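Structure first, then comments.
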Amino acid sequence: MGGDFLSIPLPGAHYAAGDAVPTVSGPTYGTRPSGLIVPRAYTRPPAPLDSIATYLTSQEVLGTTVPAVITAHHLSRLPLTQVLGFCADLLRALDTPGLSHRQVDSIVLERMFMPAVRRRIDALLADGRRLLLAPQVLLVLVKYAAQLSGDCMLPEVEPGHLAVAYLGTGDDLEQLGDAEDSRLSDDELVVGTGLPGRLEREIVAVHDFHRQTDPHHVLAKFIRCWTQLPADLADDPEVVDLPAEFYAAVGVSLDDFIAAGVTLYSITLARGPRLPRDLLQQSGYDEATADRILRLVTRTPADLRAWAQDRSSSPMWEFSHLEQFPLVDFGDHLLVLRPDLVLRRFFGWLPVFDIEAGLGPGKDKQLDRIRGCVRHLGEVYARESLQAQARRHGLRLFAETELRAALSPGQGRKTCDATVDDGRRWAVFEVTASRLTRESVASTSAERLDGDFTKLLKKVRQLDATITGLRVRESDLTGQPTFSQPWRRYFPVLVLTEGFPVNPVTLTMLRQRVEEAGLLLGDDVAELEVVDGTELEILEGAGFGEITVLDALEAKGSAALFRANLRDFLLREHQLDATTPDRVRQLAQVAYDIALRDRRPPPATGAA
């Protein structure tokens, strides 16, 4: 190899420096750290833009845009059941493990487009950076169909085309979705510390919508926090009996609720989104319990139409109705709009709202205790992952009670929730269940999004106070003398148990606010990182000899993806060899074991 090209010597020929040689045409080549010679594109480090896919527009597919009136024309000539079934089939395919987005695009190409159009789309998709199907377009299409499609086809009316309706919905998102459909100003293209502009709000909403759901993590966390920890920590004043509270408020045992969620999720993935109306009764539920559960998570087509007509549902990213009611009840059958929505509905934060609805008005104190308990146990669950990693790698872990006693004795100042260290590097963790508000997720309020960042800033102050305390009182905590060590480093980490859209824009927004507030200053302090529970479990499941949490935080600071989220750095740049930890896998299995149990009628009285 000479320079940036590959050459093939001719048999028997002799070459000297400067001789002309035949080269392999095509891409230029480079050498990877392993010594392997590959096309130059594969030698550069990954960049944040590599994680972004762009979806094809109707201009690219059809050669023209589809006006809103044409989209409405086609949807008005399609029955609602057909459009919802189309969207549900594709969303299920996108959520199916082992089926790539590209494979789903190929299925759609074969079924919906003529050969000439297929060839054009195939050429556009060839580089792997373009996609045909956009999940958000499918959910907005659900909205539009609920507004425009009828209950059945009228005689002698030519049916509409789903492909045109889908592409037109993609063109129409901003026109019908956002009241601020003006061109972005230069100020709104800059990421700063003032009120978030449209670009910042859109990036937060888009990333939150496309957040990856790990079924093992979702199930494991729910089982541990809602069924096990309330019993294990019954003496903790912040803990209430969540299974008993759920049964008293909802009238359904928590085990029955868990089993129903697993059943609906698993059968949809295995068989498709159209389910028998009596599926739960076939699974062993009595009719009353099955009806109670379905009332929590289903609504009729009429309810769906009412939501779609509501002006508050018009923003592009407003899908709260579908998140709360991911099943449509057609009377003779159920339609699951998306398996991922079912998983989040049963095993996320929404069961707290079921308790709230069941308690009724005037129970604010009781509800506050329940909410506080769920937040507290989510934080305990995250700390358990840190404890598992510390034990495995021989690292020291100090909990909040130890930190407060040693670093602010008698002063009552707050510290972070946990620290992990190896004697020279300290990772300080503040765990919080803080979630984005509905307005932030829907990209409708700059003030609400700014408020979400302000709440996180309060948690950063606890990280800052802990680092300040460690600088001067470390020996009081460890019981060992502290010598001057100029290489000592502190790595501040916010752990958001309910997830957060971490990307170069949001992380820059938060880091700028931290610097402006005068927090986490000093050459010995790394920049703030934000992680979620799944990312902690990725590190927990790292292969033998892989990096520790301290190694990962230090390496990310100088990585190409230093502004990306930890998951991208670990899996794409570091190429971490990780599997689901046994602890998490076993907890998730408990949910399936509950679903496989023989169903029994719930008790007539008493707690679940």
Under the Karplus curve 6.51 cos²θ - 1.76 cosθ + 1.60, θ = phi - 60°, whole-Hz ³J(HN,Hα) for segment 162-171, x wherever Gly or Pro sits: 5, 4, 5, 4, 5, 5, x, 5, x, 5
Quick calc: nm separation of the 7 Å Cα→Cβ label points for Ile52 and Asp286 -> 5.6 nm
Tell me which GluC sites (Glu not before Pro) from segment 528-602 have a DSSP coil assignment and no more than 14 other beta carbons within 10 Å of their own. none
Would you mind computing, in nm to one decimal, how far apart the modelled labels at Gln103 and Leu199 are, each placed 7 Å from Cα along Cα→Cβ? 3.8 nm
Once R0 is set to 56 Å, what does the formula 1/(1 + (r/R0)^6) return for the Cβ-Cβ distance between Glu384 and His161, expressed as a FRET efficiency to the nearest 0.05? 0.60
Sparse-neighbour loop sites [chymotrypsin sites (Phe, Trp or Tyr not before Pro); segment 496-587; at most 15 other C-beta within 10 Å; DSSP]: Phe544
Given a Förster distance of 22 Å, the FRET efficiency implied by the Cβ-Cβ spacing of Ala270 and Leu596, rounded to the nearest 0.05, works out to 0.95
The pairs in Lys221/Lys459; Lys221/Lys455; Lys365/Lys459; Lys458/Lys556; Lys143/Lys459; Lys365/Lys414 lying past 26 Å Cα-Cα in this model are Lys143/Lys459
Name the residue farthest towards the positive end of the dipole of the chain from the options Gly394, Val83, Gly251, assuming +1 on Cβ of Lys and Arg, -1 on Cβ of Asp and Glu, about the Cα centre. Gly394
I'd like to compare 108-117, 265-274: which one has the highest average count of other Cβ atoms within 10 Å, and what's the full order after that? 265-274, 108-117
Percentage relative contact order, segment 52-177, counting C-alpha pairs under 8 Å, at least six apart: 52 percent
At what distance in nm do the modelled label points of Leu367 and Arg120 sit from each other, each positioned 7 Å from its Cα along Cα→Cβ? 5.3 nm
Say the dipole of the chain comes from +1 at the beta carbon of Lys and Arg and -1 at that of Asp and Glu; which of Val374, Gln575, Pro97 then lies farthest toward its positive end? Gln575
Cut-off 20 Å (backbone N to label point 7 Å along Cα→Cβ of Ala244), residues of segment 195-235: 223-235
To the nearest 0.05, what FRET efficiency results for Asp332 and Ala306 with a Förster distance of 25 Å applied to their C-beta separation? 0.75
Spin-label zone in segment 70-110 - amide nitrogen under 12 Å from a point set 7 Å from the Cα of Met153 along the C-beta vector: 77-80, 82-83
With all pairs of different alpha carbon atoms counted, what Kirkwood hydrodynamic radius in Å does the chain show? 27.1 Å
Could you tell me the relative contact order of the chain? Use alpha-carbon pairs under 8 Å, at least six residues apart, and round to a whole percent. 16 percent
Select from Ala442, Leu463, Ser475 the residue farthest towards the positive end of the dipole of segment 433-484; place +1 on Cβ of Lys and Arg, -1 on Cβ of Asp and Glu, and compute about the Cα centre. Ala442
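Bear in mind these aren't lab numbers, they're just calculated from the coordinates by the rules spelled out. In this text the structure is predicted, and so the values were computed from the model without any measurement. When we count neighbours, we look across all protein chains shown, and the Cβ atoms used for this are built from the backbone with ideal geometry, even at glycine.
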